[in-house]
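The values are calculated or read from the model by the stated rules, or taken from the named source; none is laboratory data. Small disclaimer: the values here were computed from a predicted structure and weren't measured. A quick note on method: Cβ atoms are made from the backbone with ideal geometry, for glycine too, and the neighbour counts reach across all protein chains shown.
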Amino acid sequence: MAPPEPVAVAFANTRSSTHRDRIATLNEWRAWVDAWPGLRPAGHGVDAGGLLALRGVRDDVQLLLREAAGGQRPEPAARLADLTRSAPGPVLRWRATHLTFVVPEHSTAATVIAHHLARAAIDLLLTGPPFAACHGQDCRKLFVASRPDRRWCDSAVCGNRVRVRAHSHRNRRTDPPVDV
Ligand SMILES: [Zn+2]
């Protein structure tokens, strides 16, 4: 099995295509954050307004990482830069086997999570692992560049779509017109 993606990549990938946002509702958000036990307690404290802000941060993270993967040298958007600059040291507590965030009284769950995920995106750029953007049409996903020739987030999905399209192109060029 492939190792799990860094959280910054997984967060960016919640916007998997132009029309698909995998954290559009609080239920979807909670299902996503459940995969990260350290974020779960604070993550479940995020309200509707907080999720809206987090989705904005996600869009900034995705743009930053996709541009970097495409060979550009983007400046982090103002929102991300502010988040990472102003981030106070997190308040942490062990819950069973997981270190988790405690939401300070003067802050909100969404802010604590946003700080962490913005920082995680910067950490990914600073210390890796190297990552790349999927070549799939309309796919916005990123993945850890485990092999230099890897082109798809999932070759069974995006790679296959391209193969099917290439195949039907070839057939259209060579087949005689069909009467229907
Ligand atoms: Zn893809």
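For first residues located in the range 124-142 and closer than 18 Å to R161 by Cβ and assigned to a strand (DSSP E or B), partners that are within 16 Å of the ligand (Cβ to nearest atom) and of a type in the set (S, T, Y) and lie 6+ apart or on another chain with Cβ distances below 9 Å form the pairs C139/S16; C139/S17.
Residues that are more than 13 Å from the ligand (Cβ to nearest atom) and at pLDDT 95 or above within the range 2-14 comprise P6, V7, A8, A10, F11, T14, listed in sequence order. Out of all the residues in the range 141-155, is one or more among the aromatic types (F, W, Y) and surrounded by 13 or more Cβ atoms within 10 Å (Cβ to Cβ)? Yes; the residues of the range 141-155 include at least one that is among the aromatic types (F, W, Y) and surrounded by 13 or more Cβ atoms within 10 Å (Cβ to Cβ).
Annotation: of all residues in the range 151-171 being modelled with pLDDT of 90 or more and more than 18 Å from H19 (Cβ to Cβ), the one that is farthest from the ligand (Cβ to nearest atom) is R151.
Listed here are the residues, each with its yes/no results for (1) within 16 Å of the ligand (Cβ to nearest atom); (2) assigned to a helix (DSSP H, G or I).
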position: S16; (1), (2): yes, no
position: N27; (1), (2): no, yes
position: A35; (1), (2): no, no
position: P41; (1), (2): no, yes
position: R58; (1), (2): no, yes
position: V61; (1), (2): no, yes
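Among the residues of the range 24-50, those that are surrounded by fewer than 20 Cβ atoms within 10 Å (Cβ to Cβ) and of a type in the set (A, V, I, L, M, F, W, C) comprise A24, L26, A31, W32, A35, W36, A48.
For G71, state whether it is modelled with pLDDT of 90 or more and farther than 21 Å from W32 by Cβ. Yes; evaluated as a whole, the condition is true for this residue.
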